[in-house]
Structures are given as C-alpha cells and as structure tokens.
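Just so you know, all these numbers are worked out from the coordinates, no wet-lab data involved. All of these numbers come straight from a predicted model, not from anything done at the bench. When we count neighbours, we look across all protein chains shown, and the Cβ atoms used for this are built from the backbone with ideal geometry, even at glycine.
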Amino acid sequence: MTDTGTDITKLLADAAQGVRIEYAPVDAIVAGGRRRRNRRRYAGAAVAALAVVCTAGMLTSVSPHEGSGATSVAAEPDAVPRPTTEVIASGRLDGKPWTLSVDVWKRAADAREAGRVWDAMEEAEYPDPQRAGGAGGPELADTGWFFARLKVGERLSFVDDGALSAAGDRRVGTSWGTLAPTGSGWFVFGRTAPGVQAVTCTWDDGRKAAPRLRTVAGTDRRFFAIEAPAPKPTAGQPRCTAAD
C-alpha cells in the first residue's frame with residue numbers, strides 16, 4: 001500500500017525547489033508614489049497659476065497700465081479734473097532750493113464740465129469766488145486757466161493766475177514777485193500770447209535780458225520766470241516785450 005502522505009510531501013518539496021521567490025520592489029513602489037504625488041502637486045500649481053493669470057487679465061482690462069493713456073471703467077466722466085503742471089524756473093536762495101511752476105487747466109467742453117473744473121480749481125488752487133465769472137466758472141467753457149506758484153524750501157505762495165485766451169496777439173503779460181517774504185530776491189513772471197517766440201525784458205538801469213520761454217501741455221501760450229534787479233518804488237509792470 002502506498003504511503004499517500006509521504007508521496008504528497010515529496011511532491012510539494014520537489015515543486016517548491018523549482019519556484020523562484022522575488023522580493024517586492026519596495027524602493028520602486030515608493031518612488032512611483034512620489035512621482036504621482038509630484039504630478040498631482042504640479043498639476044494643482046499649474047491650475048492655481050492659470051487662475052492667477054486669468055484674474056490678472058481681468059484686472060488689467062479695467063485698470064490701465066500707468067502712462068498707457070487708457071482710462072479705467074470708473075475714471076470718466078466723473079473723475080475730478082486735474083491740471084497739467086510744469087516747472088518753468090528754479091534756483092537757490094540762502095541755501096534753500098526754489099521752483100516756480102505753472103498749472104494749466106484745459107478749457108471745459110460745456111457749462112456742466114465748467115462747473116466741475118471751477119470747483120476743482122477752487123479746491124486745489126488759491127481760491128477766488130469771482131474767478132472765471134464767479135460761481136460755476138462760466139468763462140471756463142470758453143477758455144482755459146493758468147496758475148503760477150512759488151515754492152521756496154517748504155513754503156508755497158501764489159504768484160499769478162489768469163485766462164488762457166486763444167487770441168493770436170503778440171502781447172506779453174508780466175508781474176513782479178519776490179523769493180523771500182522780506183522782499184529780497186526779485187523775479188519777473190510772464191506769459192505770452194500764441195505765436196511769440198522770444199521776449200526781451202528791460203530793467204530800470206537800462207540792461208536787457210532774454211528769458212527762456214517754456215511750454216506747458218494744454219495751451220499754446222508760453223511762460224517764463226527770470227530773476228531781476230529790485231524795481232524802483234515808482235516802477236509799474238515789468239517791461240518785457242515780444243522780440244521782433
């Protein structure tokens with residue numbers, strides 16, 4: 001009689017000798033898992049970056065780049081009017097720097113805009129309730145306006161203002177000014193009519209000077225400021241005329 005148990009044991013032992021046992025590739029499995037996590041992480045970062053780009057694009061569409069000339073959604077027509085400002089002269093007085101600048105307010109398109117410009121001027125500049133025809137500035141629908149201001153150190157002072165008429169004459173308007181409250185450091189501020197290319201100023205002692213004319217965006221008039229000798233007590237307006 002055959003010993004069945006012994007035969008089965010022997011068969012299993014013979015079969016086991018032909019089996020090749022390999023260990024699981026633990027390092028490879030771990031590395032693969034890391035790669036899958038990294039891919040998911042990179043994909044998530046890419047989606048987030050795309051969302052940021054899309055958001056930035058939407059913001060750009062309503063907020064223009066500085067200096068681009070474009071306007072934002074809420075910029076017009078209710079934005080507060082602003083002047084164009086240009087420094088036309090500078091120097092030093094007793095160690096303090098000084099500058100003389102001109103603000104140019106463009107002519108308003110209609111009576112409604114004239115009122116807005118007038119309000120903005122009264123807020124930003126030296127106030128005068130009678131300027132430009134009084135409250136609402138009706139004259140601003142026909143002409144722009146200029147303001148000249150002096151800054152010495154941290155001190156600001158009003159110099160002159162007036163309408164920017166489009167008349168094509170050759171007149172030169174002038175006014176005296178001083179750099180210091182004590183009356184020292186005299187200068188002449190002036191503005192010309194359109195078409196004037198050069199100006200000559202004649203002082204009380206007979207000397208002459210040719211100030212440099214400066215342009216300001218928003219008007220075809222020119223402006224100047226030039227240091228001058230102290231005028232005589234009886235002197236009238238500075239004698240500055242358009243050169244031939």
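Structure above, values below:
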item: For the stretch 83-99, 3J(HN,Hα) per residue [Karplus equation, 6.51 cos²θ - 1.76 cosθ + 1.60, θ = phi - 60°, Hz, x = Gly/Pro]; result: x, 9, 10, 9, 7, 9, 7, 7, x, 9, 9, 6, x, 9, x, 10, 9
item: Gyration tensor over alpha-carbon atoms, the stretch 139-222, equivalent ellipsoid semi-axes in Å; result: 24, 19, 10
item: In sequence order, calculated HN-Hα J values of the stretch 232-238 (Karplus, 6.51, -1.76, 1.60; Hz; x Gly/Pro); result: 5, x, 9, 5, x, 5, x
item: Spin-label model distance (nm) - ALA243 vs ALA111, 7 Å beyond Cα toward Cβ; result: 4.6
item: Extreme residue, positive dipole direction of the stretch 77-133, given options GLY115, VAL102, PRO127 (C-beta unit charges); result: VAL102
item: The stretch 92-147 - charge dipole about Cα centre, Lys and Arg +1 at Cβ, Asp and Glu -1, debye rounded to 20; result: 220
item: Nonlocal amide H pairs with GLY177, under 5 Å, H built at 1.01 Å; result: PHE187, PHE189
